[in-house]
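Asker: Sharing a structure below in structure tokens format, with a few things to ask.
Every read-out reported here was derived from the displayed coordinates using simple, explicitly stated rules and does not represent laboratory data. These figures come from a predicted structure and were not determined experimentally. Cβ coordinates were reconstructed from backbone atoms using ideal geometry, including for glycine residues, and neighbour counts include every protein chain displayed.
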Amino acid sequence: MDDVSVLLNALPYLRRYREKVFVVKVGGEIAKTPEALDVFAQDIAMLAQLSIRIVVVHGGGPQLDDVSRKMGVVPEKVAGRRITDDSTLEMAKMVFAGAINTDILAAIRKHGVLPVGLSGLDGEVLTATRRPPKDMTDPATGETRTVDFGNVGDIRDCNPALLRTLVENRYIPVLCSLACDENGKILNINADTVANVVAAELQAEKLIILSNTNGVLRDLKDAERRYVYLTLSQAQELIRSGAVSGGMVPKLQGVVDAVTSGVKRACLINGLVPHSLLKEVFTRTGQGTLVLADAAEKEYLERG
């Protein structure tokens, strides 16, 4: 009966999400761990079999760092942001569009659904512009300097036509975070940013960012004390007050921007927790931190 109860509890969510679009961003930490990647692929296959339309976006920072060191190139970052010189871009093309994308495709294909590997260059999904030099303060040193990020891009336009065609025909696009400008210059784009922009352009029902953290924590010393949900105004106040810090600031700001742009709900969850994706979708309290519009709070409290 416990198994039946689980199914019955999931029924309202099955009705709500059937034929809806989810954008799921999987971090490099999950993709480089075979067991975690296989569980992630199982969850994606389950959602697809339940007629949820999935777009997967992936990064691969840890893998790019590993390859860079093997090639004798020390990864260079300022305030957590990668500087992508010409040699690093060549490695990013091999790692993102090659090894990681192929590994994710194979993991998903193993579970009986149909993934399609893409980059932002395919079908003009993403058009970017090279990021100009920027004054930045390095938190490690306190030094402020002008930083040229090299072949790093900011998204100028997103054309979701190819993604829509694929999901409408039951394929699962697996999109790596490379794009190009109007002159065909390839640029490295932050994968969280890609997921946020794609979700907004598709007006996704859910945007789910999987990383190696348990969402937004109430206490940084206690990984189990998370915010189950935040309204936009609550999330913005946490950012403004400094209650969130480090790498969580751009992650939280990104999902805030996505919800502001029309994504119904956005979630930050720990993809290293087995089946965290299914738990986030099909349980009331989820697995990480849900961000939603202020006007949607009442409905969330009543229906989950």
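Asker: Apply the Karplus parameterisation 6.51 cos²θ - 1.76 cosθ + 1.60, with θ equal to phi minus 60°, to every residue of segment 292-297 and state each ³J(HN,Hα) to the nearest whole Hz, in sequence, with x for glycine and proline.
Answerer: My calculation for segment 292-297 gives 9, 5, 4, 5, 8, 5 Hz in order.
Asker: Net charge within 11 Å of E124 by Cβ-Cβ distance, Lys/Arg positive one each and Asp/Glu negative one each, not counting E124 itself?
Answerer: Around E124, the surrounding residues sum to -3.
Asker: Residue-wise, which Karplus ³J(HN,Hα) couplings in Hz belong to segment 230-242, taking 6.51 cos²θ - 1.76 cosθ + 1.60, θ = phi - 60°, and x for glycine or proline?
Answerer: 9, 6, 4, 5, 5, 5, 5, 5, 4, 5, 4, 7, x
Asker: Continuing with the same structure: Percent of alpha carbon pairs in the chain separated by more than 34 Å?
Answerer: For the chain, the share of Cα pairs beyond 34 Å comes to 18 percent.
Asker: Arranged by the count of other C-beta atoms within 10 angstrom, fewest first, what order do M46, M248 take?
Answerer: Listed from fewest to most nearby Cβ atoms, that is M46, M248.
Asker: Please report C180, C267 as a ranked list, fewest other C-beta atoms within 10 angstrom at the top and most at the bottom.
Answerer: If I rank by nearby Cβ atoms, fewest first, I get C180, C267.
Asker: Got a sec? How would L272, L252 order by Cβ neighbour count within 10 Å, fewest to most?
Answerer: By the 10 Å Cβ count, ascending: L272, L252.
Asker: Ok, one more. State, in angstrom, two size descriptors of segment 220-285 derived from its alpha carbons: Rg to one decimal place and Dmax to the nearest whole number.
Answerer: 12.5, 33
Asker: Cα atoms only, segment 36-175: Rg and Dmax in Å?
Answerer: 17.5, 51
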